Amino acid sequence: MKRRPYLRLLVFGCCVALATVVNLSFIMENVRRVEMETFEAEQIEVHESVTSRIPITLVICKNTGDWVNVDKKNVRTSWKRQKQQFAVIFASMLYFSKLSSIRIILLTDSVETYVELLSTISGWPQHQRRRLHFEMHNIEEERFKEGQLLQWRPCAWTKMYLPEMLEDFDATIYMDSDVLFLGPVEDTWAVFQRMGDVAAIAASAEMWYLEEGNNRPAAGKYGINTGVMFMNLTRLRKISLAENLMLYTDSDPAPRHDQDVLNAFLKYHPHLLHELPARYNFLPSSCQKSAPVCQECLDRGILVMHGADSSFYRFVDAKMKMVFRVLLEVSFNFSASLEQLVQRLEAGLVKLHKENHMYIYMCQHLPHYDLQLMRHARSLLASKISK
């Protein structure tokens, strides 16, 4: 059925009207794509003039798809949850970073979704909003193999097509929307230096593959989680990543989602993977007793926390959930100072220690867990106070 032009005009008109209500200047300023001066990925040198141009990429869809009978009470398919997480990731990014400008590529399933997401942070102080530079990109669903949109959630496969969809970019840091920062986002860019001359993807461990035995192919020593990936897009284009992954979509056992497929591919191409410690993608499964000790988390603090499988909204780990709730509260209007944020986090930890006898949670056995959570925040606050 042909699309009628007037319907598209009507949809666009509604989007413009909504943008006007929630701060037209902020949203429309970010509905344009900024061209980036390219550079050869093989020659990346990690210093401010280059790394500041490496964007962070998120993929968010409002459409829940047909893969599951949508239950409005199901937190895994909740649009409200996704909007809250969107606010939290950027609130945490701004609170713990000293950068004046952070570049974000946002891929969505529609202009309406993009506008609605930006509306969640339109009430923040202007000087904070201006630090975030959003670029809207469309999700090119025509690239997907038939049936991929029915596996897992709609848009989940998009991350595997980023080398082709972001053809003008040489590198990006992909992040799921259910992550938050506990330290400076600028610390992430140094990972590209670790990747050397060959690796195309850097990622942290996903311990559930080990728990499942050898039932599913696992990349690296334990298997990897694709919720945070450092991607050298130039190298991934050279190996035709998406085309290669197609070969694994019909494997046995059938992959549950894109993460299974990438694990299978990288298992047989280990030179393309650089394994990272949990500091860069701290998951509930990072707390499993079979997980390796994250020395970087102890020495430097957790940098990125990942509430995979809606764990920020379920009772998986009390401290992870508390951190998310505090950041969600301050994200409503962004009026709290860094000192007030840290005080709320510290108070939350004290409260949980007093109630410790009431709960058994996933990460309580970790050595110096509070220090791992708070090292960056305490250091940033101390540095600010000393000035």
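The values are calculated or read from the model by the stated rules, or taken from the named source; none is laboratory data. All values reported here derive from a predicted model rather than from experimental measurement. Methodologically, a virtual Cβ is constructed for each residue, glycine included, from the backbone with ideal geometry; neighbour enumeration extends over all protein chains shown.
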Matching helices (runs of 4 or more DSSP H) fully within the range 238-336 where at least 2 residues are modelled with pLDDT of 90 or more, β-branched (V, I, T) and within 30 Å of S78 (Cα to Cα): 318-331
From the list S310, S337, pick out the single residue that is among the small types (G, A, S) and surrounded by fewer than 16 Cβ atoms within 10 Å (Cβ to Cβ). S337
Qualifying position, being in contact with a Phe, Trp or Tyr (Cβ under 6 Å, 6 or more places away or on another chain) and of a type in the set (A, V, I, L, M, F, W, C), among F315, F334: F334
Could you go through the range 290-308 and let me know if any residue there is of a type outside the set (A, V, I, L, M, F, W, C), within 19 Å of the chain's Cα centre (by Cα) and under 15 Å from N225 (Cβ atoms). yes
Segments classed as strands (runs of 3 or more DSSP E), wholly inside the range 46-142, with at least 2 members that are at pLDDT below 95: 132-138
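Quick grid of which residues meet (1) charged (D, E, K, R); (2) more than 20 Å from the chain's Cα centre (by Cα); (3) part of a helix (DSSP H, G or I); (4) crowded, with 18+ Cβ neighbours inside 10 Å:
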site: Y174; (1), (2), (3), (4): no, no, no, yes
site: L180; (1), (2), (3), (4): no, no, no, yes
site: G183; (1), (2), (3), (4): no, no, no, yes
site: D187; (1), (2), (3), (4): yes, no, yes, yes
site: D197; (1), (2), (3), (4): yes, yes, no, no
Does K267 satisfy the condition of being in contact (Cβ under 8 Å) with a residue 40 or more places away in the chain, of a type in the set (K, R) and closer than 24 Å to V191 by Cβ? yes
Filtered residue count, the range 145-166, keeping only those that are farther than 22 Å from L117 by Cβ and either at pLDDT 95 or above or touching a Cys at 6+ places or on another chain (Cβ under 7 Å) (or both): 1
Among L366, L349, the single one that is touching a residue at least 24 places away in the same chain (Cβ under 8 Å) and either part of a helix (DSSP H, G or I) or of a type in the set (V, I, T) (or both) is L349
For the subset of the range 347-382 comprising residues that are at pLDDT 90 or above and among the polar types (S, T, N, Q), which member is farthest from S286 (Cα to Cα)? S379
Would you mind stating whether L180 is among the hydrophobic types (A, V, I, L, M, F, W, C) and over 24 Å from R300 (Cβ atoms)? no
Members of the range 261-311 that are β-branched (V, I, T) and either in contact with a Gly (Cβ under 7 Å, 6 or more places away or on another chain) or closer than 21 Å to R378 by Cβ (or both): I302, V304
Of everything in the range 287-313, what is among the small types (G, A, S) and out of contact with any Pro (no Cβ under 9 Å at 6 or more places or on another chain)? Give them in sequence order. S290, A291, G301, S310
